[in-house]
Amino acid sequence: MFQELNDWFDDFKKIRHDLHSHPEIGFNTLRTSNIVADYLTEWGFKVHKGIGKTGVVGQLKCGSGSKTIGLRADMDALPMEENTGLPYSSTIQGASHSCGHDGNTTMLLAGARLLAKRKNFNGTLNVIFQPAEEGQGGGPAMIGDGLFERFPCDYVFALHSMPNAENNKMFYVQPGAMLSSSDRVTINITGRGGHGAEPQNTIDPVVVGATVVQALQSIVSRNTAPKDRAVVTVGSFLAGREGSYNIIPETAQMLLSVRSMDNSVRKMIIENIQRIATHVCSAMGAKAEVCVQSIAPAVVNDSFAANLAREVGIDVFSEEECPQSFQPYMNSEDFAYMLEACPGAYALLNNGNTPNCHQPDYDFNDDLILRGGTYWTALVERYLREQE
């Protein structure tokens with residue numbers, strides 16, 4: 001651990017708690033973005049705001065080296081209430097940092113400050129603070145604003161907290177799949193409504209929908225290899241009016257979540273959902289409309305970048321705390337889009353035995369500020385060495 005980070009720990013803890021108390025959702029991260037930009041400016045970074053609406057990039061050059069590296073953190077909060085009871089809990093109704101992006105931002109700020117003070121690298125550092133990771137397309141928005149054209153990176157890296165990590169180790173990164181893809185699918189079924197006593201005169205969308213739900217269960221169990229992890233979840237099935245006992249509705253709607261680790265498997269699953277919904281409905285006299293919303297592809301780490309990250313992790317945390325391989329997680333992340341545009345690696349830091357992300361009683365572990373800041377500093381100084 002760098003002594004400077006220990007000396008600054010209380011300062012960064014205050015920053016994290018302030019961000020936690022003032023969560024901002026989606027692209028509405030103006031306060032957070034301004035705080036980040038002000039600190040980076042104070043520490044000597046050349047700061048660029050408004051990238052991907054409210055994204056911030058800070059650039060710091062040392063020496064004459066041509067190598068470049070990007071470090072990315074997400075800033076946005078979740079649209080949910082907090083229930084931690086902490087003195088620094090959310091002051092914004094309906095918003096909370098229940099995924100730890102306040103901590104991700106603070107870890108990168110800690111690393112940025114230390115790197116700016118030490119100036120012990122030769123090349124260009126780009127620190128990337130992204131809004132709207134939680135399903136609103138902040139990553140693609142920054143890329144669309146020319147992120148990697150304006151701030152070229154040989155490799156780009158991200159770091160996120162992970163509660164209850166596998167085998168309770170500290171640092172997780174590996175080549176290949178890290179996190180799953182995520183797609184949202186809406187199936188709208190149109191039948192023919194009528195009186196509950198006369199089902200023969202209707203095309204009941206509830207019965208049709210139930211048949212579709214049953215058929216969907218065969219996609220993963222009978223169309224994917226056991227080694228290919230995938231999930232099709234029907235999270236919502238809506239039909240009829242509340243309190244209606246004897247009215248067969250005209251329409252029904254299902255909301256699905258689809259996750260997989262492989263883009264070819266992802267494509268197959270979506271095609272099968274469309275095929276099953278269309279043909280089951282047609283066979284039963286109803287009509288189906290299938291709408292697919294892509295949230296993020298799978299997070300697939302570049303081999304060189306992942307191995308470099310793990311080597312640095314071993315230096316910082318010890319080899320025992322850095323498993324060489326593990327089961328990829330079924331969470332998703334729009335950092336995947338950045339990895340499609342630039343090679344890199346996504347890593348996880350163990351938050352400890354705490355409530356999981358996206359739960360109202362989750363809180364980021366402040367001890368990770370030092371660990372994450374140390375990792376970021378060591379990674380940059382390792383890659384941007386004096387000798388190229």
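Tally the DSSP beta bridges in the chain and give the antiparallel ones as a percent, rounded to 5. Each step should come with its number before you reach the end.
Details: 47 of 68 bridges.
Antiparallel bridges make up about 70 percent of those DSSP assigns within the chain.
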Amide H proximity to Val156 below 5 Å, modelled H, separation 5+ or other chain, gives Gly70, Gly344, Ala345
Expressed in µm² per second, the diffusion coefficient of region 182-296 from the Stokes-Einstein equation, with Rh the Kirkwood radius over alpha carbon pairs, at 20 °C and 1.002 mPa s, is 146
In nm, spacing of pseudo-spin labels at Ile92 and Glu319 (7 Å Cα→C-beta vector): 4.5
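Going by C-beta contacts inside 10 Å, put Met284, Met107 in order with the fewest on the left.
Values: Met284 17, Met107 29.
Sorted ascending by nearby Cβ count, the order is Met284, Met107.
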If packing is taken as the average number of other Cβ atoms within 10 Å across a peptide's residues, how do 272-279, 99-106 rank, most packed first? 99-106, 272-279
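Here are some pairs, Lys46/Lys67; Lys227/Lys267; Lys46/Lys169; Lys13/Lys46; which of them have Cα atoms lying more than 26 Å apart in this structure? Present the calculation step by step, with values, prior to reporting the outcome.
Numbers: Lys46/Lys67 18 Å; Lys227/Lys267 17 Å; Lys46/Lys169 36 Å; Lys13/Lys46 24 Å.
In this structure, Lys46/Lys169 lie more than 26 Å apart at Cα.
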Residue among Thr91, Gly44, Thr54 farthest towards the positive dipole end of region 35-93, charges placed on Cβ: Gly44
Nonlocal amide H pairs with Gly194, under 5 Å, H built at 1.01 Å: Ile248
How high is the relative contact order of the chain, given as a whole-number percent (alpha carbon pairs under 8 Å, six or more residues apart)? 25
To the nearest 10 degrees, how steep is helix 205-223 against the longest Cα principal axis of the chain, on a 0 to 90 scale? 50
A correct Karplus calculation of ³J(HN,Hα) over region 81-95, with 6.51 cos²θ - 1.76 cosθ + 1.60, θ = phi - 60°, whole Hz and x for Gly and Pro, returns 6, 9, 9, 8, x, 6, x, 10, 5, 4, 9, 10, 5, x, 9
Once both axes come from the Cα atoms, what is the angle between helix 303-317 and the longest principal axis of the chain, in degrees from 0 to 90, rounded to 10? 60
If each residue's Cβ is checked for other Cβ atoms within 10 Å, how do Arg382, Arg266 rank with the fewest at the top? Arg382, Arg266
Go ahead and set up a Gaussian network model of the chain, Cα springs under 10 Å, then flag whichever of Asp11, Asp262, Asp334 fluctuates most. Asp11
Once phi is turned into θ = phi - 60°, what whole-Hz ³J(HN,Hα) does the Karplus curve with 6.51, -1.76 and 1.60 give for every residue of region 168-180, x standing for Gly and Pro? 6, 8, 8, 10, 10, 7, 7, x, x, 5, 10, 9, 7
If you plug each phi of region 253-264 into the Karplus form 6.51 cos²θ - 1.76 cosθ + 1.60 with θ = phi - 60°, what whole-Hz ³J(HN,Hα) values come out, in order, with x for Gly and Pro? 9, 10, 10, 10, 10, 10, 9, 7, 9, 10, 5, 5
Using the 10 angstrom Cβ neighbour count as an exposure proxy, how do Lys49, Lys119, Lys227 rank, fewest first? Lys227, Lys119, Lys49
Would you list, by chain and number, the aspartates and glutamates whose Cα falls below 16 Å from the Cα of Lys119, excluding same-chain residues fewer than 8 positions away? Glu4, Glu42, Glu381, Glu386
Figure the gain on full extension for Gln200 and Arg150 (residue separation times 0.36 nm, minus the Cα-Cα span) and round it to one decimal in nm. 11.6 nm
List the lysines whose Cα sits under 19 Å from the Cα of Lys14, skipping any in the same chain fewer than 8 residues away. none
Asp145's amide H: which non-local residues (gap 5+, or another chain) put their own amide H closer than 5 Å, with H modeled 1.01 Å from N in plane and none for Pro or chain starts? Gly52
Under a straight-distance cross-link criterion of Cα-Cα below 15 Å, which aspartates and glutamates are reachable from Lys287, leaving out those fewer than 8 residues away in the same chain? Asp204, Glu250
Pseudo-spin-label distance Arg385 to Lys267, built 7 Å along Cα→Cβ, given in nm, is 4.0
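A short reminder: the numbers here are calculations on the coordinates, not readings from a lab. The structure presented is a predicted model; accordingly, all values stated were derived computationally and were not measured. For neighbour counting, all protein chains shown are included, and Cβ atoms are generated from backbone atoms with ideal geometry for every residue, glycine included.
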